[in-house]
1. For residue 145, enumerate residues with amide H under 5 Å from its amide H, sequence gap 5+ or separate chain, H modeled in the peptide plane.
2. So for the pair residue 89, residue 184, with labels modelled 7 Å out along Cα→Cβ, what separation do we get in nm?
3. Rolling a 1.4 angstrom probe over the protein heavy atoms, how many square angstrom per residue are accessible across segment 31-130?
4. Around residue 78, what is the net charge, scoring Lys/Arg as +1 and Asp/Glu as -1 over all other residues with Cβ under 13 Å from its Cβ?
5. What's the local net charge at residue 31, with K and R +1, D and E -1, over the other residues with C-beta under 15 Å away?
6. Figure the gain on full extension for residue 155 and residue 192 (residue separation times 0.36 nm, minus the Cα-Cα span) and round it to one decimal in nm.
7. Amide H of residue 31 versus every other amide H placed in the peptide plane: which residues, excluding those fewer than 5 positions away on the same chain, fall under 5 Å?
8. May I ask you to compute the full-extension gain from residue 164 to residue 53, defined as 0.36 nm times their residue separation minus their alpha-carbon distance, rounded to one decimal in nm?
Amino acid sequence: MRLLRFLPFALLLAFELLSHSSFGQRHRKGQYAFSLQGGIMDRFPRGINLRANQQGSLVRTDFVRYTRSEHYWKIGYQYDRKFYQPLGVQVISERHTLGIDYAPISLHDYRRTFYISPVLGLFTGLEIVNQDQHDLPIGFIGAQSHFTFGGTIGLEAEVFLTDRISLIGGITERWYAVSDLNRLHTQAQLGLRFTFDSF
């Protein structure tokens, strides 16, 4: 019951913060942003075993340039890792990729506190299987590093917490044209984005 006494004050404070931050000019042409995100791949974690079969995770960082109002380009680096257990033997797939993505349009609310954008992109990088250990007992998997590339399609949502800081999240489907393991990966990520006008 004590919590209910503070509820009106909490709502008033939240309204005050949102009303002040809602008049900021966001996603303007010429603005820049930097984001840092973490996420999962292909399967939602079950319990605390992050090395379970088909379990994957990722971290990524992006540099964003707004070329038109509500339109933007991203250049990003992503590291992802996924675990497999074919025939009871654990196999680890790791990828380091650099990519470029484009959001051709953004839908937003009237106050521009919430955005959602389709994202299209291309990437290239390196796939490493079992950290280049060549003693895998499974003949159909090559335990060596190799070049990979592919494309992405997804949706990205952004909620502004202040005029310069926003919470971002997205769902992306990645297709790897060259891979010793799965070529299609669904990933979900969440993180923060920091917007600024110039370097």
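1. For residue 145, the qualifying residues are 129.
2. Taking the simple label geometry, residue 89 and residue 184 are separated by 2.7 nm.
3. On the way: 4990 Å² over 100 residues.
Each residue of segment 31-130 exposes 50 Å² on average to a 1.4 Å probe.
4. Summing Lys and Arg as +1 and Asp and Glu as -1 gives +1.
5. Summing Lys and Arg as +1 and Asp and Glu as -1 gives +4.
6. This chain segment gains 11.7 nm when fully extended.
7. 66
8. In short, 36.0 nm is gained.
The values are calculated or read from the model by the stated rules, or taken from the named source; none is laboratory data. These numbers come from a predicted model, not from an experiment. Glycine gets a Cβ as well: all are built from the backbone with ideal geometry, and neighbour counts include every protein chain shown. Keep in mind that these areas ignore ligands, DNA and RNA; they rest on the heavy atoms of the full protein, side chains included. Shrake-Rupley method; radii C 1.70, N 1.55, O 1.52, S 1.80 Å.
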